[in-house]
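Peer 1: Take this structure, written in structure tokens, and hold onto it; I'll ask about it next.
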Amino acid sequence: MECRASPRGDRRHPRAGTQRSPRTGAGSSRFLCSATLILLLATPGGAALDLKGSLSTTTPPLAAVPGAAARDATRAAASPPTLTRPETPAAAALPPASTAPAAAPLSRSSTSAPTPASTALGAAQAGDAAAASPLPPTPRLVVPAEAPSTDPWYRAGAARVAALTRQHAGPARRRARNVLLFVGDGMGVTTVTAARILAGQERGLAGEEFSLAFETLPQLAHAKTYNTDSQVPDSAGTMTALTTGVKTRAGMIGLDAGAARGDWRAVAEHLVPTLFEQAERAGLSTGVVTTTRVTHATPAACYAHIPHRDWELDATLPADARAAGFPDIARQLVESPAGDGLDVVLGGGRALFLPRGQTDPEHPEQAGARLDGRNLTLEFRARAPAETAVVWTASGLRQALDATPPPRRLLGLFAPSHMAYAVDRERENQDEPTLATMTRAALRVLAARARPWILMVEGGRIDHAHHDGNAYRALDETIEFSDAIASALEEIDLDDTLVIVTADHDHTFSMGGYPRRGNPILGWVVESDGKGGARPRAVDDAGAPYTTLAYANGPGAARPATDPATTNPQDPDYRQRALVPLEMESHSGSDVAIYAGGPGSELVRGTVEQNVIYHVIREALGDALQPSEPTRPVPPPD
Ligand SMILES: [Zn+2]
């Protein structure tokens, strides 16, 4: 029996009403994709503070206002910015953030002066955006239009796609008008399998026979995900491979592998244009949708160029970079020099766009986090005020889309930090849209622009739940991601739109034991007796029951909950057992799948380096990105 997922609107959670277990509250942890980094947060007073064990009380900027309600403290603790110690010795020795000047020193009159160290910092123009800012213009990145055709990773990726084209693209092939790239952050193959079973079981099926929406796409390949300096990758380096065609180091965004982490002075020589920047320059429309902060590594790699993924706002820049006016990721989003910048941006991360001291529009006990006094949401609007909508809630999004005419640019920031997990959105009655709703909204705005477009949609919190050793939320977020893809497939036409669904990397998630067919995927292992019945619950060598799902490392190793009298492994907050005790479960270096359909998808086959996906998209678009084509033909492979 073959079942297909179909959009179900606001999906209900069969176990959403289950009592939260205080012992394992998955909502009370924070996450970091580069798990080896030391977690430090700048306190409101500027001191660096090791967060281990002190999460709920010190999570500025998102809980910087004292007296936050318990729920919001939990929410903020679930998703603080992942601030880390700068890794270069010089940067590590810098004074605390608050002792540095809050505003960049370059004034309007100094825009023609050379910046301290980087020719990548160009003079800002006094335009609408500057008019919306209380501060003088600050230096901006100047991203080259040309693809890095001499980069060895770029050349190898282009050569692989040239070979695939010779072998598999017939003379009558169509080009793609639009591109829809879905990225399930941390969605390895085991996650897909387990989520498929959970989705089927939520429909009353045994589960194994079910298919998620993207599993119906006709093409399939494997991507090798390692970073140039890391056997097991992080999301910054992997997404840079997808969006720029070059592999790079872990933690780096929009820069080639020659850049050193944290070395902001040297970015000029390493800037690589993204697909989205090339599309903007060529007159296409562009959009980014995510459930994380829109400045988090995966969405940031669509538009930003920065040597440290954690520099999401100016408060997290090293003091010397901030003093020189080096643009943080949020600023790079609204200051994009390519075309008119991203046209649709939907996700979380509001605090990173609002000045410190400005009350959050939805949560009065929270406030903005920027030190430079700028309200970047006004600057986004100022690029085209008449056609731009800026919204904070699901209801605000509905109103904006109902307007006549509909907006042609849209910024939706639905939470101060990451958006809620789907299960918590429903439990806590948050006025946040589903990923499917955001995806439909983005497609509607892009359609209203009547130009070809490229859209990235990220299921961003699959990864976060895995880091917390919490399979329920990881699988539930994967189903949300599948629902968004199902919605999109109803809206778009595979005759003119290339759809690619992939993951940036895997996790140490495993599915094992010998559970019988239809056994609850989140449950204890119960084996078949081989005669149509079940054996007694399986136990390990120590006599304890065990679940089908487990992790090779993570928080589930410290206090494994295996007493069936007191433990329900299907509770949304249950943490699966793990082998190696780590505060945060890590990524895995396993290959991830690439699912594809539409024009150009015939090139998605075999086992390829992850950056080949970029070249497949370029090839599918043909001449559409012509203004940014390399000036020289790509050299043949060595
Ligand atoms: Zn991660």
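Peer 1: Determine the distance separating the Cα centre of region 540-597 from the Cα centre of region 311-385; give it in Å without decimals.
Peer 2: 37
Peer 1: Where in region 495-524 is the amide nitrogen less than 15 Å from a point lying 7 Å along the Cα-to-Cβ axis of A206?
Peer 2: 515-521
Peer 1: With the dipole of region 465-572 worked out from charges on the C-beta (+1 for Lys and Arg, -1 for Asp and Glu) around the Cα centre, which of F509, A465, G556 lies farthest toward the positive end?
Peer 2: Looking along the dipole axis, the top candidate is G556.
Peer 1: Here's something else I'd like to know. Run the numbers for Y514 and R559: contour at 0.36 nm per residue of separation, minus the present Cα-Cα distance, in nm.
Peer 2: Once the chain is fully extended between Y514 and R559, it gains 13.8 nm.
Peer 1: Within 10 Å of each residue's Cβ, count the other Cβ atoms and sort T434, T191 from fewest upward.
Peer 2: Values: T434 21, T191 28.
Neighbour counts put them in this order, fewest first: T434, T191.
Peer 1: Just add up the charged neighbours of D496: K/R +1, D/E -1, any other residue whose Cβ is under 14 Å from the Cβ of D496.
Peer 2: +2
Peer 1: If you place +1 on the Cβ of every Lys and Arg and -1 on the Cβ of every Asp and Glu, how big does the dipole about the Cα centre of region 424-552 come out, in debye to the nearest 20? Please report the intermediate quantities before stating the final value.
Peer 2: Values: 13 positive and 23 negative charges, 78 e Å.
My answer is approximately 380 debye.
Peer 1: Quick one: length gained pulling A552 to T607 fully straight, 0.36 nm per residue minus the C-alpha distance?
Peer 2: Stretched out fully, the A552 to T607 stretch lengthens by 17.3 nm.
Peer 1: If you don't mind, another one. Run the simple label-point estimate for S149 and E491 please: 7 Å along Cα→C-beta, distance reported in nm.
Peer 2: Distance between the two pseudo-spin positions: 3.6 nm.
Peer 1: By its C-alpha gyration tensor, with a ≥ b ≥ c as the square roots of the eigenvalues, how is region 334-402 shaped: rounded for a/c under 1.5, else prolate for a/b larger than b/c, else oblate?
Peer 2: Oblate, because a/c is 1.5 or more while a/b does not exceed b/c.
Peer 1: Separate question: Taking the Cβ of each residue in R331, R516 as the centre, tally the other Cβ atoms inside 10 Å and list the residues starting with the fewest.
Peer 2: Fewest-to-most ranking of R331, R516: R516, R331.
Peer 1: While we're on this one: Nearest 20 debye, what's the magnitude of the dipole of region 542-613 about its Cα centre given +1 on Lys and Arg Cβ and -1 on Asp and Glu Cβ?
Peer 2: 140
Peer 1: Just want the answer: with Cβ charges of +1 for Lys and Arg and -1 for Asp and Glu, which residue in A488, A450, A474 is farthest toward the dipole's positive end in region 443-493?
Peer 2: Of A488, A450, A474, it is A450.
Peer 1: Right, here's the next one. Please report the net charge: other residues with Cβ closer than 10 Å to the Cβ of L255, K and R +1, D and E -1.
Peer 2: -1
Peer 1: Magnitude of the Cβ-charge dipole of region 288-378, K/R +1 and D/E -1, about the Cα centre, nearest 20 debye?
Peer 2: Values: 8 positive and 12 negative charges, 18 e Å.
Using Cβ point charges on Lys, Arg, Asp and Glu, region 288-378 gives about 80 debye.
Peer 1: Let me ask something else about it. Ranking S211, S487 by Cβ neighbours within 10 Å, fewest first, what do you get?
Peer 2: S211, S487
Peer 1: Pull out the extension gain between D402 and R537, defined as 0.36 nm times the separation in residues minus the alpha carbon to alpha carbon distance; nm, one decimal.
Peer 2: Numbers: separation 135, 0.36 × 135 = 48.60 nm, distance 5.37 nm.
Going from the current span to full extension adds 43.2 nm.
FYI, it's all coordinate maths here, none of it is from the lab. Note that the coordinates shown come from a computational prediction; the quantities given were computed from them, not determined experimentally. Neighbour counts are summed over all protein chains in view; Cβ atoms, including those assigned to glycine, are modelled from backbone coordinates with ideal geometry.
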